[in-house]
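Have a look at the structure below, then the notes.
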Amino acid sequence: ATFALVHCGLLQECTGRSASGLFRGLSHFLKRCPSARPVTRVVLVGRQDPVTAGLVKKLGLQDVVQCVGRVSYEESLRYIASASVCVLVEGKMAEGIYYPSKLADYVAARKPVLAMSPADGVVAELSRERGIFRMDADDEESIARAISEFHQAYLSARLHEMGPSEVLVRYVSPGAVVDELLSLAESVCQE
């Protein structure tokens, strides 16, 4: 009964991981589709950022956004499992050089991912596969449209069709990760 967007991790304006575009996009979506408001929830799992909390208040989203604070890794997986859509917010940089571990958790749970990340980099490359919807972190219009598409799929019970491809799921599977680790260790030992 809930259209839940879940973000796990740190959101901090001062580190460049700003949720401003997410919340502005969410606000646009809710203005265009007010009937979605009663069932829409954004759950932030992790330490609360005062700037983010202030923006939520300024945009009038207090009834939609919930910060649950820091939780154990196992509990974060339960939040991910309960999500309709998982949210990834990367820091603003020219090229995304990191592979966020929470992205692996999102994909392993077979959840569609709304990824706000650099246009070049690891997440952008992975978004070529079904299941990761990448956009610029400050592109509130694209974010609003993506949330709307997710919501429409939620209403018609088609969200599973927007989930990660089998290629992505296999990529984060324990066997594939161990094989890659062993391959890297072998190549380092041969040097």
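Summary table below
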| read-out | value |
| --- | --- |
| Arg17 vs. criteria among the basic types (Lys, Arg), open to solvent by 50 Å² or more (accessible area, probe 1.4 Å) and within 29 Å of Leu155 (Cα to Cα) | no |
| Close pairs (8 angstrom Cβ cut-off, 6 or more residues apart or separate chains): part of a helix (DSSP H, G or I) in the range 51-65, charged (D, E, K, R) anywhere | Val51/Glu13; Thr52/Glu13 |
| Check on Tyr99, in a helix (DSSP H, G or I), out of contact with any His (no Cβ under 7 Å at 6 or more places or on another chain) and not hydrophobic (A, V, I, L, M, F, W, C) | no |
| Residue ID - farthest from Val169 (Cα to Cα), chosen from residues in the range 107-116 that are open to solvent by less than 30 Å² (accessible area, probe 1.4 Å) and either of a type in the set (A, V, I, L, M, F, W, C) or not in a loop (DSSP other than H, G, I, E, B) (or both) | Met116 |
| Selected residue [surrounded by fewer than 15 Cβ atoms within 10 Å (Cβ to Cβ) and within 20 Å of Val123 (Cα to Cα)] from Leu22, Leu10 | Leu10 |
| Options Ala104, Ala81, Ala119, Ala94: the member that is outside any loop (DSSP other than H, G, I, E, B), surrounded by fewer than 17 Cβ atoms within 10 Å (Cβ to Cβ), modelled with pLDDT under 95 and among the small types (Gly, Ala, Ser) | Ala104 |
| Subset of the range 132-157 (residues that are modelled with pLDDT of 95 or more and small (Gly, Ala, Ser)) | Ser142, Ala144, Ala146, Ser148, Ala153, Ser156, Ala157 |
| Criterion: aliphatic (A, V, I, L, M) and under 19 Å from Asp105 (Cβ atoms) - qualifying residue of Ala83, Ala53 | Ala83 |
| Any hit, the range 69-77, residues being among the charged types (D, E, K, R), surrounded by 14 or more Cβ atoms within 10 Å (Cβ to Cβ) and more than 24 Å from Leu159 (Cα to Cα) | no |
| Test: residue in the range 39-50 that is without any contact (Cβ under 8 Å) to a residue 24 or more places away in the chain, assigned to a helix (DSSP H, G or I) and open to solvent by 20 Å² or more (accessible area, probe 1.4 Å) | yes |
| Residue in the range 166-187 that is modelled with the lowest pLDDT, counting only those that are over 16 Å from Tyr106 (Cβ atoms) and of a type in the set (Ser, Thr, Tyr) | Ser183 |
| Identity of the residue in the range 1-17, farther than 22 Å from Val107 by Cα and among the polar types (S, T, N, Q), that ends up modelled with the lowest pLDDT | Thr15 |
| Pick from the range 122-136, criterion in contact with a Leu (Cβ under 9 Å, 6 or more places away or on another chain) and outside any helix (DSSP H, G or I), ranking: most open to solvent (accessible area, probe 1.4 Å) | Arg130 |
| Of residues in the range 53-67 being hydrophobic (A, V, I, L, M, F, W, C) and open to solvent by 40 Å² or more (accessible area, probe 1.4 Å), the one nearest to the chain's Cα centre (by Cα) | Cys67 |
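The values are calculated or read from the model by the stated rules, or taken from the named source; none is laboratory data. As the structure is a computational prediction, the values presented were derived from the model and not from experiment. Virtual Cβ from ideal backbone geometry, glycine too; neighbours counted across all protein chains shown. Surface areas here come from the heavy atoms of the whole protein model, side chains and all, with no ligands, DNA or RNA. Shrake-Rupley method; radii C 1.70, N 1.55, O 1.52, S 1.80 Å.
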